[in-house]
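For reference, the structure discussed in these notes is given below.
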Amino acid sequence: MKNTRRNFLKHVSATGAGLALGVQAQANAAEAKILESKIRVSAVDKVRIGLIGCGIIGHYDTDTALKVEGVELVAVCDLYTGRLERAKEKWGNAIFTTRDYRELLAKKDIDAVLICTPDHWHQKIAIDAMNAGKHVYCEKPMVQKIEEGYALIETQKRTKKVFQVGSQRASSVAIHEAKKVLDSGIIGELTYVEAFCDRTDSKGAWQYSIPTDASPQTIDFDAFLGKAPKVPFDATRFFRWRNYKDYGTGVGGDLFVHLLTGLHTMTNSIGPDKIFSLGEVNYWKDGRDAYDMLNALMSYPKTKDHPAFQFYTRVNLADGEGAGGFGIKLIGTDGVIDIGWNEFKVRTLKRNSAPGYGGYDSFDSFSAKQKEDFKKWYDDKYGKAATGVEMGKETAFMPPKGYDDRLDHMITFFNGIRTGSPILEDATFGLRTAGPSIACNISVEQKKQIGWDPVKMKII
Ligand SMILES: NC(=O)c1ccc[n+]([C@@H]2O[C@H](COP(=O)([O-])OP(=O)(O)OC[C@H]3O[C@@H](n4cnc5c(N)ncnc54)[C@H](O)[C@@H]3O)[C@@H](O)[C@H]2O)c1
C-alpha cells in the first residue's frame with residue numbers, strides 16, 4: 001500500500017502518531033481517523049471450552065470465542081432444557097450437555113470455561129472452576145456481593161489459572177486509543193467524567209421473552225436459586241432475574257460496571273473513595289425491586305496516575321428522550337474526549353491569557369470616565385492579545401468496519417492461556433469495578449454516602 005497521507009490517516013492507529021497529528025487533524029476535522037486494533041492471536045494451539053449459562057450472552061460469548069483460531073466448544077451447561085436443546089441445534093449433537101455445572105467441571109477435556117450465569121452464581125462457579133483446574137472467563141459483574149470478591153482473588157492467585165472478567169471495554173480499541181489521547185495531555189487536566197447508559201423499550205428494561213414451555217420440569221429452579229432465598233417456581237424470576245435484587249446487582253452492577261471498566265482502563269484508576277447514589281423504580285413497575293433509574297456521584301482521589309476528579313454516572317431504563325445509548329465523557333481543563341461504544345471524538349479548547357471586557361461583564365455598568373480609564377489600563381496591560389477561549393475543531397476516531405471489542409477481549413483471554421500474556425481485567429480489576437458499582441445500591445438503601453477504600457477494596 002502506498003504510504004499516502006490519506007492511507008496514513010486511515011490507518012493511524014492508536015499511537016503517538018495519532019496525537020502528533022493532533023494539530024493538523026484539527027485543521028481538517030472532516031477526516032475521521034479509523035482505529036486499528038493491535039490485539040492479535042499469539043498462538044493457535046487448541047483450547048477446549050465449556051459454557052456455563054447458555055442464555056443471551058452465553059451465545060454471544062461462545063460464538064465470539066469460536067472465532068478465535070484453535071478454540072473448540074466441548075460442553076454446555078444450563079438449567080433450562082430448552083437452552084440445552086438449542087445448544088445442540090446450533091453447535092452440534094456431539095457436545096456434552098448437562099444441567100449440573102459440576103459435571104462439566106469434572107470433564108478432563110475442558111481447559112477453560114465461560115461463566116455466563118446470573119450474577120449470584122458468578123463467584124461460586126468461578127472458584128469451583130479454578131479449583132477444578134479450568135481457566136475462567138467470567139461475565140461481569142464479577143461478584144454479586146462485594147465481600148465475595150476476596151475469596152475469588154485468593155483462588156486465582158493460589159491456582160494461578162487465567163481469570164478474566166467479561167466487560168469487553170477493557171480490550172476495546174477505542175478505550176485504548178482514548179487512553180493515549182488522555183495521556184498526551186491534549187485535554188489538559190482531567191477534572192470531571194460523566195457517563196450514562198439509557199434505554200427506552202421493554203427489552204432494554206430487561207423484560208426478556210419467557211418460553212411457553214417454562215415449568216418445574218424444564219427448569220431446575222432450585223439450582224437457579226442457589227444461595228438466594230427459597231421461593232416457589234417463578235418463570236419470570238428465572239428469565240428476568242436482573243429485575244430482582246436476590247439474583248442480580250441492578251443497573252449498578254449490570255451497567256455502571258461497563259462504564260467503570262472503561263474509565264479505569266483509560267485512567268489506570270483503582271477506584272473512587274466516596275460514592276453517593278439515588279435510585280428508584282420509576283416506570284417499570286412490573287414487580288421488580290431493582291431500580292430502573294440510578295444516578296451516582298463518586299469522587300476519585302488523586303493517584304500517581306491521575307489527578308483528583310469527579311465522576312457522575314446514570315442509568316435510566318425509561319428514557320423518554322428515546323435516544324438511549326451509552327456514553328462516557330472525559331472533561332479536562334482544555335478539552336473533552338467524548339466516547340460512545342467503540343468510537344469517540346476529541347475537542348480541544350484554548351484559553352487565552354487576555355480576559356477581554358464588555359458583553360456580559362461589569363464593564364457596561366462603569367461610568368463614562370471609568371470606561372475610558374479602564375480601556376487605557378487594559379490596553380497597557382494586554383495590548384492586542386487574543387481574548388477569551390478558542391475552540392479547536394473536532395477530531396473523530398472510528399473503529400474499523402465490523403469491529404467487535406468482545407472478540408478482542410476473547411483473544412486477550414486465550415492469549416493469556418496460551419502464552420501467559422497479562423490480563424488487565426483480572427479478579428482485582430473486577431472487584432475494583434464491581435465494588436463501587438454495587439456500593440451504589442448500598443448508598444441508595446442506606447440513604448447515605450458510602451466511603452470506599454480503593455486499595456483494600458472495602459467499604460469503610
Ligand atoms: N459483557 C456483556 O456485554 C454482557 C452483556 C449481557 C450480559 N452480561 C452478563 O452475563 C450474565 C448472563 O446474562 P444473560 O443476559 O445472558 O442472562 P440469561 O438469563 O439470558 O442467561 C443466564 C443463563 O444461566 C443459566 N443459569 C442460571 N444459573 C445457573 C447455574 N447455576 N448453572 C448453570 N446455568 C445457570 C440460566 O439457565 C440461563 O440460561 C450476567 O451476569 C450479565 O451481567 C454481560
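The values are calculated or read from the model by the stated rules, or taken from the named source; none is laboratory data. Treat the numbers as computed from the prediction; the structure is a model and nothing was measured. No Cβ is skipped: glycine too gets one built from the backbone with ideal geometry, and neighbour counts run over all protein chains shown.
Restricting to the range 386-414, count the residues that are in contact (Cβ under 8 Å) with a residue 24 or more places away in the chain and surrounded by fewer than 12 Cβ atoms within 10 Å (Cβ to Cβ).
Adding up the residues that qualify gives 4.
Looking at (1) within 14 Å of the chain's Cα centre (by Cα); (2) surrounded by fewer than 17 Cβ atoms within 10 Å (Cβ to Cβ); (3) among the small types (Gly, Ala, Ser), find the lone condition where ALA174 falls short.
(2)
Could you check how many residues of the range 115-159 are among the β-branched types (Val, Ile, Thr) and outside any helix (DSSP H, G or I)?
5
Here is a list: PRO118, PRO141. Which entry is crowded, with 24+ Cβ neighbours inside 10 Å, at pLDDT 95 or above and within 8 Å of the ligand (Cβ to nearest atom)?
Result: PRO141 is the single residue among PRO118, PRO141 that is crowded, with 24+ Cβ neighbours inside 10 Å, at pLDDT 95 or above and within 8 Å of the ligand (Cβ to nearest atom).
Every residue, every condition in (1) of a type in the set (Ser, Thr, Tyr); (2) modelled with pLDDT of 95 or more; (3) farther than 16 Å from ARG406 by Cβ; (4) in contact with a His (Cβ under 6 Å, 6 or more places away or on another chain), yes or no:
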{"position": "GLU31", "(1), (2), (3), (4)": "no, no, yes, no"}
{"position": "SER42", "(1), (2), (3), (4)": "yes, no, yes, no"}
{"position": "ARG48", "(1), (2), (3), (4)": "no, yes, yes, no"}
{"position": "CYS54", "(1), (2), (3), (4)": "no, yes, yes, no"}
{"position": "VAL71", "(1), (2), (3), (4)": "no, yes, no, no"}
{"position": "VAL74", "(1), (2), (3), (4)": "no, yes, yes, no"}
{"position": "ASP78", "(1), (2), (3), (4)": "no, yes, yes, no"}
{"position": "GLY82", "(1), (2), (3), (4)": "no, yes, yes, no"}
{"position": "GLY92", "(1), (2), (3), (4)": "no, yes, yes, no"}
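If GLY287 satisfies every condition in (1) under 30 Å from ILE175 (Cβ atoms); (2) of a type outside the set (D, E, K, R); (3) at pLDDT 95 or above; (4) in a loop (DSSP other than H, G, I, E, B) but one, which is the exception?
Going through (1) under 30 Å from ILE175 (Cβ atoms); (2) of a type outside the set (D, E, K, R); (3) at pLDDT 95 or above; (4) in a loop (DSSP other than H, G, I, E, B) one by one, GLY287 breaks only (1).
Checking LYS108 against (1) within 10 Å of the ligand (Cβ to nearest atom); (2) out of contact with any Cys (no Cβ under 7 Å at 6 or more places or on another chain), which test does it fail?
That leaves (1) as the condition not met.
Against the condition over 30 Å from PHE276 (Cβ atoms), assigned to a strand (DSSP E or B) and not acidic (Asp, Glu), how does PHE397 come out, does it pass?
When the stated conditions are applied, PHE397 passes them.
Being part of a loop (DSSP other than H, G, I, E, B), more than 11 Å from the ligand (Cβ to nearest atom) and β-branched (Val, Ile, Thr) is the filter here, so list the residues in the range 213-272 that pass it.
VAL231, ILE270, listed by residue number.
Say we look at the range 42-58 and pick out the residues that are exposed (fewer than 15 other Cβ atoms within 10 Å of the Cβ) and of a type in the set (A, V, I, L, M); which of these is nearest to the ligand (Cβ to nearest atom)?
Taking the candidates together, the pick is ILE56.
Inside the range 168-195, can you point out the residues that are out of contact with any Phe, Trp or Tyr (no Cβ under 7 Å at 6 or more places or on another chain) and more than 16 Å from the ligand (Cβ to nearest atom)?
Across the range 168-195, the qualifying residues are HIS176, LYS179, LYS180, VAL181, LEU182, ASP183, SER184, GLY185, ILE186, ILE187, GLY188, GLU189.
Among the residues of the range 413-439, which ones are more than 16 Å from the chain's Cα centre (by Cα) and in a helix (DSSP H, G or I)?
Hits for the range 413-439 are PHE413, PHE414, ASN415, GLY416, ILE417, ARG418, THR419, ALA439.
How many residues does the range 59-96 contain that are over 20 Å from VAL47 (Cβ atoms) and either basic (Lys, Arg) or surrounded by fewer than 22 Cβ atoms within 10 Å (Cβ to Cβ) (or both)?
Counting residues in the range 59-96 that are over 20 Å from VAL47 (Cβ atoms) and either basic (Lys, Arg) or surrounded by fewer than 22 Cβ atoms within 10 Å (Cβ to Cβ) (or both) gives 9.
Which pairs do you get when a residue that is free of Cβ contacts under 8 Å to residues at least 24 places away in the same chain, found in the range 343-362, comes within reach of a residue that is part of a loop (DSSP other than H, G, I, E, B) and of a type outside the set (Asp, Glu), reach meaning Cβ atoms under 6 angstrom, with the pair 6+ apart or on two chains?
none
Can you name the residue in the range 32-41 that is basic (Lys, Arg) and more than 18 Å from VAL71 (Cβ to Cβ) and is also surrounded by the most Cβ atoms within 10 Å (Cβ to Cβ) among such residues?
Result: LYS33.
For a quick check of your reading of the model, give me the residue pairs whose first member lies in the range 206-224 and is at positive phi, whose second is more than 10 Å from the ligand (Cβ to nearest atom), with beta-carbon atoms closer than 7 Å and at least 6 apart or on different chains.
Listed by first residue and then by second, the contacts come to TRP206/ASN243.
Among the residues of the range 243-287, what is the count of those that are surrounded by 22 or more Cβ atoms within 10 Å (Cβ to Cβ), more than 14 Å from the chain's Cα centre (by Cα) and not hydroxyl-bearing (Ser, Thr, Tyr)?
The qualifying residues number 5.
When both residues are 6+ apart or on different chains and their Cβ atoms are under 9 Å apart, which pairs have a first residue that lies in the range 114-125 and is more than 14 Å from GLU148 (Cβ to Cβ), and a second that is hydroxyl-bearing (Ser, Thr, Tyr) and more than 8 Å from the ligand (Cβ to nearest atom)?
Pairs found: LEU114/THR62; LEU114/TYR137; CYS116/THR62; CYS116/TYR137.
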